1. Given the Cα-Cα distance of His403 and Arg191 and 0.36 nm per residue of separation, how much length would full extension add, in nm?
2. Mind giving me the nanometre distance, one decimal, between the label points for Gln212 and Arg372, set 7 Å out from Cα along Cα→Cβ?
3. How high is the FRET efficiency from Asp466 to Asp288, r the C-beta distance, R0 56 Å, rounded to 0.05?
4. Hey, what did the stretch 470-536 get for relative contact order, percent, Cα under 8 Å, at least 6 apart?
5. Just order 179-191, 162-174 by mean Cβ neighbour count inside 10 Å, highest at the front, would you?
6. With a 1.4 Å probe and all protein chains left in place, how much of the accessible area of the stretch 316-362 comes from carbon and sulfur atoms, in whole percent?
7. Say R0 is 25 Å: what FRET efficiency, to the nearest 0.05, do Ser113 and Leu412 get from their beta-carbon distance?
8. With a 1.4 Å probe and all protein chains kept in place, how much accessible area does Glu194 have, in Å² rounded to the nearest 10?
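The values are calculated or read from the model by the stated rules, or taken from the named source; none is laboratory data. Keep in mind that this is a model prediction, so the values were computed, not measured. We place every Cβ from the backbone using ideal geometry, glycine too, and count neighbours over all the protein chains shown. Heavy atoms of the whole protein, side chains included, go into the accessibility calculation; ligands, DNA and RNA do not. Shrake-Rupley method; radii C 1.70, N 1.55, O 1.52, S 1.80 Å.
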Amino acid sequence: MMRTVSNRVLPLAARYGSVLLAAFLVYYVIREPLNDAVGNISFLGKGALYTTAPGDNQYGIPVVVGETAKDKEPSAVGPAGAAQGIRNKNLQKPMDDDTVYVKKYKPEPAPFSPIEDHFAWITYGDALPPIPENNLPPNPHVDEITPLLIGFTRNWPLLLQCVSSYIAAGWPAEDIFVVENTGTFQANRERELELQNPFFLNHTALGILGVQVMATPTLLSFAQLQNFYLHTALERDWRHFWWSHMDVMVLSDEEVKRNDRDHDWDHDPYATLYERCVGLLRYLDGPDMPPWATHFFEYDQLALVSRDAYLDVGAWDTHIPYYASDCDMYLRLHWAGYWQPQSEAGLIFDVADVLDDLAALFRVPGAHAAFRGDPLFDPAIAASISDGGADAEDEESERARAHREAEIKRELDMRPWVDKAGESFAHLAAVARRMQAVKLAADQGGRRTEWQARQRGGQADPFYRDPDGFAAGLGILVDAGRRVFADKWGHRGCDLLALGVEGKDAWRLERDWDLAEGPGEVGGNWGRDWMTGSSG
């Protein structure tokens, strides 16, 4: 009998032994982690079978209840929470890879000298310096509304120079609006930013100058800022307005008789930059003039805008936030039949440096027109902006050296006179031209916007942004805008008139380049002028 039973049991044990072993492993080894995973999963039911109850989520779906690690009380979690719970448990397990993440920092940026006080007159006083008598604004005010908008984001000294130069050139201070576009909300108005912060703006100093300040609701791109100007013009019922870049310095042309042959010498031997701008507005609004949109002064370093013309063509395309947005806007105005002439109203200089003492613009005695990095006093800088550069022949270098020494002597001989009577127009213009030459040389060396990041303080201030990181972000947006422009018009560059492109072609043209050459912002004719198609 025992033998018979043994013969039956042994085959069964051999057949089911592996199954029993697997069941043992599942019950005692795999059960616990499997229960943890399943216990944290939400099962979705059919909506018709469930109603909202204490155990349901906001959509009326029953949730399987698990336990929190903290208090062991029931807590409802969704699939994402279940997955996170599993990941957290896995994190507690020993890692096979013992690699430790090490942060690698970029090299420290090159230091810049701290920003200094460039206008001690208003720092220690409470009034504007006297405006040169021949540049005083018309009194009473002209009949026209003449607002001038100047946007600001970074570099307070450069803005202060720009605003001061317009006032000294005769623009009524009360007609100048500084548009604070820093994205720091009320921080500047509440004096919460220090001078070395790139976004610092001195509301008190601007109040002493007599100009008005308005702020954007948040940090805007260039195209958005232009649309903000149009919005402001609508709200304030301005049919026309002027706007200016902040990195310019202007002078009323006291030698206009020699520089402008079209000027009416018989009736007006001298007119300030402001008076000439008003005269051009009256001319453009004449009864026999074609519809116009923009009047350029040194391109759009200073520009007069006809508000309704811009609105008629859809305003600025904010998908093109920075560079190429001007090409897109002015081309669309051109295709819509609007006239956009250009002429002179005074001297406008594209600069990146600031006079040591801005009182020189007002011809205050003792205030000299000088700036740090003046090539006249630095042979290395002079060589960088000359045509020959450091490789010029010895004879040419000797000639340039002799010329510079003569200029230096003339500068030194002039200083006693400036101490007594203040600066002259001719010397201010000569210094401004040297400032412009330095910026042009920086542009050719890929450092055109270096002036925007010269302030590197304010780390403890509200809304602090790393200057290099801010510049890097803008660079990405610049490239993105050019890519949008290239895809919108099928061409990499602003020279669309030469190609026969029309306004109706927006977003309808195939690319005229192979994407294997690169995306829209790479290559092409980005250096070409939209008006002439020539290299700008």
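1. On the way: separation 212, 0.36 × 212 = 76.32 nm, distance 4.74 nm.
Between His403 and Arg191, full extension yields 71.6 nm more.
2. Those two pseudo-labels are separated by 3.5 nm.
3. Numbers: r = 55 Å, r/R0 = 0.98.
That pair, Asp466 with Asp288, gives E of 0.55.
4. Details: 86 pairs, mean separation 26.1, N = 67.
It rounds to 39 percent for the stretch 470-536.
5. Numbers: 179-191: 18.0, 162-174: 23.7.
Taking the mean over residues of other Cβ atoms within 10 Å, the ranking is 162-174, 179-191.
6. Details: 730 of 1470 Å².
Result for the stretch 316-362: 49 percent of the exposed heavy-atom area is carbon or sulfur.
7. Values: r = 24 Å, r/R0 = 0.98.
After rounding to 0.05, the efficiency reads 0.55.
8. Approximately 80 Å² of Glu194 is accessible to the 1.4 Å probe.
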